[in-house]
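One structure below.
The values are calculated or read from the model by the stated rules, or taken from the named source; none is laboratory data. Keep in mind it's a predicted model, so treat the numbers as computed, not measured. Ideal geometry is used to build each Cβ from the backbone, glycine not excepted, and the neighbour counts take in all protein chains shown. Ligands, DNA and RNA are stripped out before the accessible areas are found, and what is left, the full protein with its side chains, is counted by its heavy atoms. Shrake-Rupley method; radii C 1.70, N 1.55, O 1.52, S 1.80 Å.
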Amino acid sequence: MLTSGGDCSGLNAAIRAVVKRAIHGHDLEVVGICDSTEGLLANPPWTMPLALDVFSGAVLRSGGTMLGTVNKGNPFSYQMPDGEITDRSSQVVDSIHQLNLDGLIGIGGDGSMKILHALMLQADIPFVGIPKTIDNDVPLTDFAIGFHTAVGVASEAMDRLQPTAASHHRVMILETMGRQAGHLALSAGIAGGADVILIPEIPYDIARIVQKIEDVSQDEKRNHALIVCAEAACPKDGEAVYAEQSGHKVYGGIAHKLGHDIHTLSGAETRVTVLGHLQRGGSPSSFDRVLASSFGVYAVDLLASGVFGRMVSWWDGSVRDVDLSTVVDKEKSVNLMGSRMRAARGLGICFGD
Ligand code: F6P
């Protein structure tokens, strides 16, 4: 088993569930691969035995991943220290064979799922994926591990911002993560009572936002306003704000641009909070613990019954599995006609359009 991509809360709960089910239910031995594919590019591969005694009572509740992870270094196009791009997939395949694995469970987001699926096809090793990401953009599952906890963190931030916004008559802007998907900002915005939610799926017009702030003051007689802004939100006539690091887009900063623009156009006093990695750490919510535990058990049962090339998924209140090859070609952005959007529009929340 390995964890891959950006970490989130609930990964350790999933690891624990896999090990417990494998040992209690199927008498299997479980090996953890450390640092995802990076551990498989090492010689010998970095591994740790995962027996029941590894799981103290604290693991279920803990953030991060006890196996370590990476969210860069795709073995199919690996950037070497001198900058050269090399295909190192055969090295990963050799390591997999060296470890004599009967199957692999990979806990990852959509990008990791795609890479791991291709690697395991090359290695001819049965593979089952478990979706995780605070972005909640893995297709064909309602929820990925970590999303619910991250929404909780962002909603709590809104609860803390509202009183200080009211005290100082300010417009408070909260920037959430999420990459190209607005799921996190949308849910946190609804839960946190936002007046404006900006998501990458709807490029915004700054004039609409300024108008909404005026409406809040005129119609609702409210002296403050709350805005949730996804990190990759972008203006209609502009671009998302990001920096490049080793060929990787690091989003962040759109909220500061927004704060500046709102102040310039309306005179409103604006303040910005960028939540960043706080959304990925900490103890998982009870929902994420249930989700991770259910996914872990189901994934082991799939592998043990000889079913593979599948991703476990939460759909309509229960766990099922879907064909991995249908997952890796799709995207899951916010459904603009979906229930959450209808709720948000119904509440009068402005999307800058
Ligand atoms: O994909 C999860 C995520 O947290 C995104 O929301 C965010 O853009 C990115 O990872 C941040 O990655 P890093 O840990 O490399 O800063």
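Grab the Cα-Cα distance for His26 and Asp205, subtract it from 0.36 nm times how many residues apart they are, and report the gain in nm with one decimal. Walk me through the numbers on the way to the answer.
Numbers: separation 179, 0.36 × 179 = 64.44 nm, distance 5.63 nm.
Fully extending the segment from His26 to Asp205 adds 58.8 nm.
Computed with a 1.4 Å probe over protein heavy atoms only, the accessible surface of the range 175-257 comes to 42 Å² per residue.
With n ≥ 4 as the cut-off for DSSP H runs, can you work out [θ] at 222 nm for the chain, using -39500 (n - 2.57) per run divided by the number of residues, rounded to the nearest 500? Calculated from helices alone, the mean residue ellipticity at 222 nm is -11000 deg cm²/dmol. Each label was represented as a point 7 Å from its Cα along the Cα-to-Cβ direction; for Asn100 and Gln122 these points are 2.4 nm apart. His263 exposes around 90 Å² of accessible area when a 1.4 Å probe is run over every protein chain in place. On full extension, the segment bounded by Asp53 and Arg160 gains 34.6 nm, given 0.36 nm per residue less the C-alpha separation. Asp205 sits among other residues whose Cβ lies under 10 Å from its own Cβ, and their net charge, with Lys and Arg +1 and Asp and Glu -1, is 0. Neighbours of Val297 by Cβ distance under 13 Å: Lys/Arg scored +1, Asp/Glu scored -1, total +2.
For the chain, which whole-number percentage of the solvent-accessible area (1.4 Å probe, protein heavy atoms only) is attributable to carbon and sulfur atoms?
51 percent
Report the relative contact order of the chain, percent, no decimals, based on alpha-carbon pairs under 8 angstrom and at least 6 residues apart. Write down the numbers at each step before the final one.
On the way: 776 pairs, mean separation 80.1, N = 353.
For the chain, the relative contact order is 23 percent.
Electrostatic bookkeeping for Ser333 treats Lys and Arg as +1 and Asp and Glu as -1; over the other residues with beta carbon under 12 Å from its beta carbon, the sum is -2.
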